[in-house]
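All remarks here apply to the structure that follows.
The values are calculated or read from the model by the stated rules, or taken from the named source; none is laboratory data. It should be emphasised that the depicted structure is a prediction, and the values quoted were computed from it without experimental measurement. Note that each Cβ is placed from the backbone with ideal geometry, even for glycine, and that neighbours are counted across all protein chains shown.
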Amino acid sequence: MSFETSVKFVVYDLMKYFSKQPGDIRCCPVCGSPLSRSNIDPSKPVSDDLSYPSFIPIHDFSHLYECRACQWWAVRESWSLCEMYKDFDFLIVGEAEGPGTASENKNQQVMPWKQVMQNEHLYDGARYLSDVLGKLFVGGEKK
């Protein structure tokens with residue numbers, strides 16, 4: 001199935017960068033402001049993995065980080081498939097929007113991250129995390 005979105009984002013595989021799972025993101029990488037964090041429903045790929053009880057799936061979290069100052073956003077998801085000995089930890093980073101676009105989206109209850117979370121191939125081709133972003137995480141040890 002093809003998935004198209006007008007939302008610009010990039011996905012990072014945190015398991016490839018960190019030797020120890022890090023904590024939260026300290027601050028906005030664009031403007032340095034504090035971030036809000038909220039729990040959200042799992043993405044389509046995580047929901048699909050969780051639907052296979054034979055894999056013994058464990059959903060650790062799906063968090064949305066938002067910067068109220070510049071509209072930067074990110075989603076982080078962590079889950080495990082115990083039967084397969086696989087742990088996953090991904091960060092989805094959205095492109096900050098202009099003030100007009102962000103206000104219009106909030107008024108219409110259309111959040112850009114919601115569209116991204118429906119992409120069934122969301123984590124295909126995830127990138128290696130940059131050091132700039134890596135330094136923003138609390139704890140965690142780089143490999």
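If you filter the stretch 70-83 down to residues that are at pLDDT below 95 and out of contact with any helix residue (DSSP H, G or I) (no Cβ under 8 Å at 6 or more places or on another chain), you find that the one that is surrounded by the fewest Cβ atoms within 10 Å (Cβ to Cβ) is 70.
Tell me yes or no: at least one residue of the stretch 41-58 is among the β-branched types (Val, Ile, Thr), within 18 Å of residue 134 (Cβ to Cβ), modelled with pLDDT of 95 or more and surrounded by 19 or more Cβ atoms within 10 Å (Cβ to Cβ). The answer is no; no qualifying residue exists. Residue 111 passes every criterion in (1) of a type in the set (A, V, I, L, M, F, W, C); (2) loosely packed, with under 15 Cβ neighbours inside 10 Å; (3) at pLDDT below 95 apart from (2).
Got a number for residues in the stretch 15-40 being within 22 Å of residue 135 (Cβ to Cβ) and either assigned to a helix (DSSP H, G or I) or of a type in the set (Val, Ile, Thr) (or both)?
Residues in the stretch 15-40 being within 22 Å of residue 135 (Cβ to Cβ) and either assigned to a helix (DSSP H, G or I) or of a type in the set (Val, Ile, Thr) (or both): 5 in total.
Of all residues assigned to the stretch 84-103, at least one qualifies as being at pLDDT 90 or above and basic (Lys, Arg).
Of the residues examined, residue 78 is one that is hydroxyl-bearing (Ser, Thr, Tyr) and part of a strand (DSSP E or B).
Okay, residues lined up against (1) closer than 21 Å to residue 6 by Cα; (2) over 17 Å from the mean Cα position of the chain (by Cα); (3) of a type in the set (A, V, I, L, M):
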position	(1), (2), (3)
55	no, yes, no
61	no, no, no
67	yes, no, no
73	yes, no, no
77	no, no, no
91	yes, no, yes
